[in-house]
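Just below is one structure, and these are the notes that go with it.
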Amino acid sequence: MANLKDIKNRIKSVESTKKITRAMKMVASAKVKKAELTVKASRPFTENLNSVFKKMLAYVPDFNSYTLKIKSPVDNYPALLKVRDIKSVGLLVNTSNKGLAGAYNANVVRRTLAKIKEYSDKGMRTYLFIIGQKGLVSLKRKISVYNCEIVKSYIAIANNPEPESAKLVTEDLAEYFVSGKIDKIEIMTTRFKNMMSYYVEEWNVLPLKTLSEDHDKLYDGVIDPLMEFEPDKHHILQKIVPMYITNIIYQSLLEAQASELASRMTAMSAATNSAEKIIGSLSVEYNKLRQAAITNEIVEVISGANAQMN
């Protein structure tokens, strides 16, 4: 049975842990509200950009780069839109740099491993572009049995998602896609729902769905007026295709950050509540042992006094 000193030390230890979890909960709570507002403010732009982009493609029957100045793979929009037989897949995996966020990172890693296994079983090679230290460490240990390779990791991006960071990732993905090393690009990320929940999703980036697949959903039976392009359709697509990819990546970063903070806030709240329960239980046990010790001392004193009187 534990003595009074052991229980007292354990109470102090749990109280220290409680202070840490409460502080982390407060920090996450302060940040998650801002992240939520940022995500919700960016969604309409992303949806409208995707809609406009696909409408543009509906009016461009052919893609060519004859009149374009191509300085890097991301400028070669015809190659980025080229559909080919899928033999290799690139996965951009969104995780965090820090733990103590509940099952947030574990859920993303688990879904990613399932996807890697699915492609590996089909004989496809998977190339990983990992955002966040937690995903890098976890996946590095677990992918050795699959036909998979970690190509790039981005640690700093997970802390502070910015459009420039998304642009950097876009350039790396474009390089692999245009060179033919990757035939398909997907993002493994989380979709922020509210302060209490999120869910893991797979976002297809390239190649795009065929126009026939999206036509009914895109137009809903309404015939749009013909589009006019200035200076010409190919120069506009050269600008908007990288913008489209970069914006998808940036949106995924925002969704992932909000999901991580919400998960951390919930996890730290639960940890703080658990610490309070443990402290309460230990305090009851401590008081019982202390009362028993006092009672024993009183009994010993009385017994000694009675012995002297006799």
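Since every read-out is calculated from the coordinates, none of them should be taken as a lab result. Treat the numbers as computed from the prediction; the structure is a model and nothing was measured. So basically every Cβ, Gly included, is an ideal-geometry build from the backbone, and we count neighbours across all protein chains shown.
Compare the peptides 108-115, 88-95 by average per-residue count of other Cβ atoms within 10 angstrom and give them in order, highest first. Walk me through the numbers on the way to the answer.
Values: 108-115: 19.1, 88-95: 24.5.
Descending mean neighbour count gives 88-95, 108-115.
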field: ³J(HN,Hα) computed for each position of the stretch 152-159 - Karplus, 6.51 cos²θ - 1.76 cosθ + 1.60, integer Hz, glycine/proline x
entry: 9, 10, 10, 8, 5, 4, 5, 6
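For K87 and E171, what does the FRET efficiency come to when R0 = 25 Å and r is the distance between their Cβ atoms, rounded to the nearest 0.05? Don't skip to the end; give the middle numbers.
Values: r = 23 Å, r/R0 = 0.90.
Plugging the Cβ-Cβ distance into 1/(1 + (r/R0)^6) gives 0.65.
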- request: Can you check what the net charge comes to around I155, using other residues whose Cβ is under 15 Å from the Cβ of I155 (Lys, Arg +1; Asp, Glu -1)?
  value: +1
task: Work out the FRET efficiency for K40 and V284 from their Cβ-Cβ distance, taking R0 = 41 Å, and round it to the nearest 0.05.
output: 0.35
- prompt: To the nearest 20 debye, what charge dipole does the stretch 34-264 have about its Cα centre, counting +1 at the Cβ of each Lys and Arg and -1 at the Cβ of each Asp and Glu?
  reply: 1040
- prompt: For I155 and K142 in one chain, what is 0.36 nm times their gap in residues minus the Cα-Cα distance, to one decimal in nm?
  reply: 2.8 nm
field: Relative frequency of Cα-Cα separations exceeding 25 Å in the chain, percent
entry: 61
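Using per-residue counts of other Cβ atoms within 10 Å, averaged over each peptide, order 264-274, 37-47 from highest down.
Details: 264-274: 18.6, 37-47: 13.2.
Most protected by this proxy first, the peptides run 264-274, 37-47.
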message: I want to check the label-to-label distance for M195 and S179. Put each point 7 Å from Cα in the C-beta direction and report it in nm to one decimal.
response: 4.7
task: Estimate the FRET efficiency between K98 and I20 by the formula 1/(1 + (r/R0)^6), using the beta-carbon distance for r and 22 Å for R0, to the nearest 0.05.
output: 0.95
Relative contact order [Cα under 8 Å, 6+ residues apart], the stretch 34-264, whole percent: 31
- request: Could you tell me which of the pairs K40/K134; K117/K152; K34/K69 are separated by over 30 angstrom between their Cα atoms in the structure shown?
  value: K34/K69
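Could you work out the local net charge near A293, counting Lys and Arg as +1, Asp and Glu as -1, over the other residues with Cβ closer than 14 Å to its Cβ?
Working: positive: K5, K8, K288, R290; negative: D6, E285, E297, E300.
Spelling it out: positives minus negatives among the neighbours equals 0.
Show me the ranking of peptides 96-103, 68-75 by mean Cβ neighbours inside 10 Å, starting with the highest. Write down the numbers at each step before the final one.
Working: 96-103: 17.1, 68-75: 14.6.
Highest mean packing first, the order is 96-103, 68-75.
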